[in-house]
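As structure tokens, the structure follows; a few thoughts come after it.
Coordinate-derived values only; no laboratory data. Treat the numbers as computed from the prediction; the structure is a model and nothing was measured. Positions of Cβ are generated from backbone atoms using ideal geometry, with glycine treated the same way; all protein chains shown enter the neighbour counts.
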Amino acid sequence: MPEPTPTPADLEARVRARPLPRHVAIIMDGNGRWAEARGLPRVAGHREGAEAVRAVTRAARRLGIEALTLYAFSLQNWDRPADEVEALMLLLVDFLESERAEMMENGIRLHAIGDLARLPPPVRARLDAVMGATAANRGMVLTLALSYGGREELVQAARAAAARGGEIDAAAIEAGLWTRGLPELDLLVRTSGELRISNFLLWQAAYAELLFTPVLWPDFRDAALLQALADFQGRERRFGLTRAQLEARSDRE
Ligand code: IPE
Ligand code: IPE
Ligand code: MG
């Protein structure tokens, strides 16, 4: 007999009882399709997507996730129609202004990764202001990937390593990544049913668990996050080892 679907409270209790991923990243995709399905302009999907960002950030903080990284805008997204890019930048400014107080209350530190120099100056100024205001918070780090590309991140990390001189090894590359200082990526989620990573966290995803869900980003709320975490908790991460090796290791602990 199939197991009955757990209630949200049951699911949350189950998720809380087991180790959580330290670092979760999400490719927030499907805003346009969400809007198109309702006969609305794409920007309506982005607006509802911003509500999902608020809800998921709040839920992740409540559960005790250490790091949440959200892919909000890629370097390739600059080539979208100018009015859509502008609408996304305005929504970002709204988000920064409306969430600042809540980030302070909940101990959330805001961080951003990407080629931030390409952001319009007023957006950049607000981003810097909120990052500065929240810099001492220790509850959770919320990283927005803005004007971000994984290949571009690796190119600049390699250049920085070469400029410093010395050995170019994994540690030297890592030291130049925009994500330096964040915990290892444990779980990478993509919404909207697309099975690709679209230039996100290419280096960091090396041993992340991948999860693809058909849910469109504007519909991704607490329940979908809990489901993703429960799925993660059911995985066996082997990092190249055999199951017997892993069992021997956990016996020793
Ligand atoms: C994700 O939704 C948001 C951004 C990429 C900025 P999309 O805008 O890509 O939505 P779809 O994929 O067209 O449905
Ligand atoms: C990836 O989504 C970027 C973000 C979610 C910000 P896209 O919609 O831009 O990716 P593709 O075009 O489907 O690969
Ligand atoms: Mg998309």
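Tell me which residues, restricted to the range 152-169, are farther than 24 Å from residue 200 by Cβ and outside any loop (DSSP other than H, G, I, E, B).
162, 163, 164, listed by residue number.
For the list (1) more than 16 Å from ligand 3 (Cβ to nearest atom); (2) over 30 Å from residue 236 (Cβ atoms), I need the number of the one condition that residue 23 fails.
Residue 23 satisfies all of (1) more than 16 Å from ligand 3 (Cβ to nearest atom); (2) over 30 Å from residue 236 (Cβ atoms) except (2).
Considering the range 82-104 alone, what residues qualify as being free of Cβ contacts under 8 Å to residues at least 24 places away in the same chain and either within 11 Å of ligand 1 (Cβ to nearest atom) or within 17 Å of residue 27 (Cα to Cα) (or both)?
Once the filter is applied, which keeps residues that are free of Cβ contacts under 8 Å to residues at least 24 places away in the same chain and either within 11 Å of ligand 1 (Cβ to nearest atom) or within 17 Å of residue 27 (Cα to Cα) (or both), the range 82-104 yields only 85.
Considering only the range 198-224, how many residues are closer than 21 Å to residue 33 by Cβ and in a loop (DSSP other than H, G, I, E, B)?
Matching residues across the range 198-224 total 9.
Filter the range 219-253 down to the residues that are within 19 Å of residue 21 (Cβ to Cβ), polar (S, T, N, Q) and loosely packed, with under 14 Cβ neighbours inside 10 Å and list them by number.
250
Yes/no matrix, rows are residues, columns are (1) of a type in the set (Ser, Thr, Tyr); (2) away from ligand 2 (no atom under 13 Å from the Cβ); (3) buried (at least 18 other Cβ atoms within 10 Å of the Cβ); (4) over 20 Å from the mean Cα position of the chain (by Cα):
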residue: 17; (1), (2), (3), (4): no, yes, no, yes
residue: 22; (1), (2), (3), (4): no, yes, no, no
residue: 28; (1), (2), (3), (4): no, no, yes, no
residue: 54; (1), (2), (3), (4): no, yes, no, no
residue: 65; (1), (2), (3), (4): no, yes, yes, no
residue: 76; (1), (2), (3), (4): no, no, no, no
residue: 87; (1), (2), (3), (4): no, yes, yes, yes
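Would the range 47-63 turn up any residue that is touching a helix residue (DSSP H, G or I) at 6+ places or on another chain (Cβ under 9 Å), hydroxyl-bearing (Ser, Thr, Tyr) and more than 10 Å from ligand 1 (Cβ to nearest atom)?
Yes, because at least one residue in the range 47-63 is touching a helix residue (DSSP H, G or I) at 6+ places or on another chain (Cβ under 9 Å), hydroxyl-bearing (Ser, Thr, Tyr) and more than 10 Å from ligand 1 (Cβ to nearest atom).
Looking at the range 225-239 only, could you name the residues that are part of a helix (DSSP H, G or I) and either touching a Gly at 6+ places or on another chain (Cβ under 8 Å) or without any contact (Cβ under 8 Å) to a residue 40 or more places away in the chain (or both)? Give the steps one after another, and end with the answer.
First, pick out the residues of the range 225-239 that are part of a helix (DSSP H, G or I): 225-233.
Scanning the range 225-239 gives a single hit, 231.
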